[in-house]
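So the structure is just underneath, and the comments pick up after that.
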Amino acid sequence: MNAAHENAITILTNYVFPNDLHVHWSMMIALYPYITGIVAGAFIVSSLYHVFGVKSLKPISRFSLLFALAFLTCATLPLLFHLGRPERNFNIMLTPNPSSAMAGFGYIYMLYGVVLLLEVLFIYRPTLVYLRKKSQGLMEMIYRALTFDSTNLSPESLELDRKIISFLAAIGIPMACVLHGYVGFIFGGIKANPTWATPLMPVIFLLSACVSGVAGIILVYILIKTFTNKPADTDCVRTCTNYLAGFFILDFVFEMLEVLSHSYLRTAHYHAVDELLNGPLYNSFWIGQVGILSVIPLILLGWLCLTRVNDTLFKIGASLVSFMLLLQVVFMRWNVVIGGQLISKSARGFTVFHPEWFDKEGILTAIVLMCAPLVVLFVISRIFPFWMEEMDEG
Amino acid sequence: MDREKPELNEERRTFIKKVLKGTIAGSLLLVIPLRADDLETSEQIPEHIPEQIPGIRGSEYDMSRHRFVFIVDITRCIGCGSCCVADKREYNVPDGNYRTWVERYIKDIDENIYVDCPNGGLDGYQKPREDIDRPVRDTFFVPKLCNMCEDPSCVQVCPVGATFRSPDGFVLIDSERCIGCAYCIQACPYSVRFLNPVTHTAEKCSWCYHRVRRGLLPVCVHVCPAKARKFGDLNDKESEVYKILSGPGVITVLKRDMGNSPSLYYKGARREVI
């Protein structure tokens, strides 16, 4: 396929094919992998405890599941805003085209949603049974429904629960990977676009998903604890930060490997990408994504994970790093999704993208959609208590 | 208790049967509207307009017996824009979107290539480009339209099967089923697709399938004053396209290495044409 971009931008006369002037996949499509990425990443945090037995993550093992659930409920919203005919969205499940990478979305998303919801219900079952006894009226009915009207907490039933939870968590990991690796493949499978067509795309998407998920958990965990005047578990935050460092190193290595290997191969493919990254995307890629939001967090992570930092400072540092890495992933999604579309298939020029504030797919919609999962998380917190210690107090 | 059990099972069975029947009936209802409507009846064929493609009228149309191809002869195109105007009028194409367009290529004395396509070539190229200060060596026009690939990326990626390839060589869109996700627009290596701002569904050149089925040439071919656009059935050994493609002339396709095997051929295209 490299030869297909032959003569690519030999002379940049900035000729853009007439139908390429408009960027069809807007901010909504950049937002969608961002949200599913957080879902996949948060789920993996909880699986580290439930499957791999990382005991220090216990305080957030439940919270991370609910965090994933909250974002999952909002994952399809940007897609519905994007579709030209959103009322036909179910066609994707009614008449799926087996050769389309996108056709699997509905099924993968739905299956994953079921697994996640079941896991939450089983993990919370003893708690929900306890809360049902304590509550009245509407809340009692909600808890009754969520426990399927069962109050059986005998050792045998709890043992069965434990087995089911392990099973769900175990199949949840490959499903979380499929959910997000697959999103990467939607882009990686487009041979017509030289920045997208790489087998590394699913890997990069998956690793950046882990980064955004872990970073989101750390940041929101510390923020909630700070605002509720409760101490955040230091051991847990430190373990999380170590995982964040691990995932981010891998993520950054693959992101750079993609660019470096192309620049070394110097194919026609590279010339198109080179012009893009050093042209219209220079600020958002080299300065934003790589310089400020990758190199600085790497240094900070090295300081946090390799030296003795006192607890207070560690929490401040971890929050800062998490915030920067959440932004890094936003920049990465932007540079891939929007940036990739700036190259015209004429291979002779670039178009420009002008986000609108009040467009259907505009900036305001994007902000509202990013806040929506946090609102859902708040609603969920009224039903499912996030923290084990609150239960103990109760 | 034990006696009641078989009855209970019986009830369950009937219930499951009913659910199954309901599911199947429901699914059928969803699928039935997919049936391709019979395209046309004989009275729709305008007899007063002479047949332009031989072998279509007068007999039942058999898709598998035809293999249509399109040839653009770059050495003949004069850049008048008639094809673009005819196309826009035939399909009421919204401004800023193009089912077909004509590019102007200019090559200067140092082999630099300048390409432009103001308004998709709709106004014709009436004036020379004035922003090139080097002596011009060569200039030519390149009409673009759907490549009707044999292995089309758009058909591969369409999540709902709204875009498909017919056996006679047309890649078409069912706008009743398109969900407007724009995945096909990303996948098309030739950028011939766009999202119609009125219907919010994907749209592209169809090689005037509705005209071809009535024995008429695509409208752009019909209006071209320089015979730069040629269309015909490759299975018809008497057709002009068969003679050109089986002859000694140099014929190329665009972006061959994409592997899509276009049915749109170019005669006389320079290597700079992308």
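Here are the numbers for this structure:
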read-out: From B:CYS184, B:CYS224, B:CYS205, residue being surrounded by 22 or more Cβ atoms within 10 Å (Cβ to Cβ), under 13 Å from the mean Cα position of the chain (by Cα) and either closer than 19 Å to B:ILE74 by Cβ or touching a residue at least 60 places away in the same chain (Cβ under 8 Å) (or both); value: B:CYS205
read-out: Selection from the range B:118-131 of residues that are within 14 Å of chain A (Cβ to nearest Cβ), assigned to a loop (DSSP other than H, G, I, E, B) and modelled with pLDDT of 95 or more; value: B:LEU122, B:ASP123
read-out: Unmet criterion (only one of (1) within 30 Å of B:LYS237 (Cα to Cα); (2) among the polar types (S, T, N, Q); (3) modelled with pLDDT under 90) for B:SER64; value: (3)
read-out: Every residue from the range A:176-202 that is modelled with pLDDT of 90 or more and more than 14 Å from every other protein chain (Cβ to nearest Cβ); value: A:GLY184, A:THR198, A:PRO199, A:LEU200, A:PRO202
read-out: Selected residue [of a type in the set (A, V, I, L, M), surrounded by fewer than 19 Cβ atoms within 10 Å (Cβ to Cβ) and in contact (Cβ under 8 Å) with a residue 12 or more places away in the chain] from A:LEU223, A:LEU260, A:LEU244; value: A:LEU223
read-out: Sole exception among (1) within 14 Å of chain A (Cβ to nearest Cβ); (2) part of a loop (DSSP other than H, G, I, E, B); (3) open to solvent by 40 Å² or more (accessible area, probe 1.4 Å) for B:ILE179, by number; value: (3)
read-out: Every pair of residues 6+ apart whose Cβ atoms lie under 7 Å, when the first sits in the range A:129-150 and is more than 14 Å from A:ARG382 (Cβ to Cβ) while the second is open to solvent by 60 Å² or more (accessible area, probe 1.4 Å) and in a helix (DSSP H, G or I); value: A:ARG132/A:ARG144
read-out: Candidates A:LEU79, A:LEU72, filtered to the one that is touching a residue at least 12 places away in the same chain (Cβ under 8 Å), of a type outside the set (Asp, Glu) and open to solvent by less than 20 Å² (accessible area, probe 1.4 Å); value: A:LEU72
read-out: Residue among B:ASP138, B:ASP168, B:ASP151 that is touching a His at 6+ places or on another chain (Cβ under 7 Å), more than 10 Å from chain A (Cβ to nearest Cβ) and on the phi < 0 side of the Ramachandran plot; value: B:ASP168
read-out: Scan of the range A:110-142 for residues that are small (Gly, Ala, Ser) and farther than 23 Å from A:LYS163 by Cα, ordered by number; value: A:SER135, A:GLY137
read-out: Residue tally, condition open to solvent by less than 20 Å² (accessible area, probe 1.4 Å) and either more than 20 Å from B:LYS255 (Cα to Cα) or part of a strand (DSSP E or B) (or both), over the range B:145-176; value: 8
read-out: Scope the range A:93-114; condition over 24 Å from B:GLN156 (Cβ atoms), surrounded by fewer than 19 Cβ atoms within 10 Å (Cβ to Cβ) and in contact with a Leu (Cβ under 8 Å, 6 or more places away or on another chain); matching residues; value: A:GLY113
read-out: Only listed residue being closer than 21 Å to A:GLY216 by Cα and crowded, with 16+ Cβ neighbours inside 10 Å, chosen from A:SER322, A:SER284, A:SER346; value: A:SER322
read-out: Residue in the range B:161-169 that is among the β-branched types (Val, Ile, Thr) and over 30 Å from A:PHE90 (Cα atoms) present; value: no
read-out: Residue within the range A:64-82 that is within 14 Å of chain B (Cβ to nearest Cβ) and of a type in the set (Phe, Trp, Tyr) present; value: yes
read-out: Checking A:LYS315 against (1) modelled with pLDDT of 95 or more; (2) closer than 30 Å to B:CYS184 by Cα; (3) of a type in the set (D, E, K, R); (4) open to solvent by 10 Å² or more (accessible area, probe 1.4 Å), the condition it does not meet; value: (2)
read-out: Residues that are open to solvent by less than 40 Å² (accessible area, probe 1.4 Å) and at positive phi, drawn from the range B:81-125; value: B:GLY81, B:GLY120, B:GLY121, B:GLY124
read-out: Qualifying position, being more than 23 Å from the chain's Cα centre (by Cα) and assigned to a helix (DSSP H, G or I), among A:THR312, A:THR365; value: A:THR312
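The values are calculated or read from the model by the stated rules, or taken from the named source; none is laboratory data. Because the structure is a prediction, the values reported are computed rather than measured. Because the Cβ atoms are built from the backbone with ideal geometry, glycine has one as well, and the counts that use them run over all protein chains shown. Heads up: the accessible areas ignore ligands, DNA and RNA and are worked out on the full protein's heavy atoms, side chains in. Shrake-Rupley method; radii C 1.70, N 1.55, O 1.52, S 1.80 Å.
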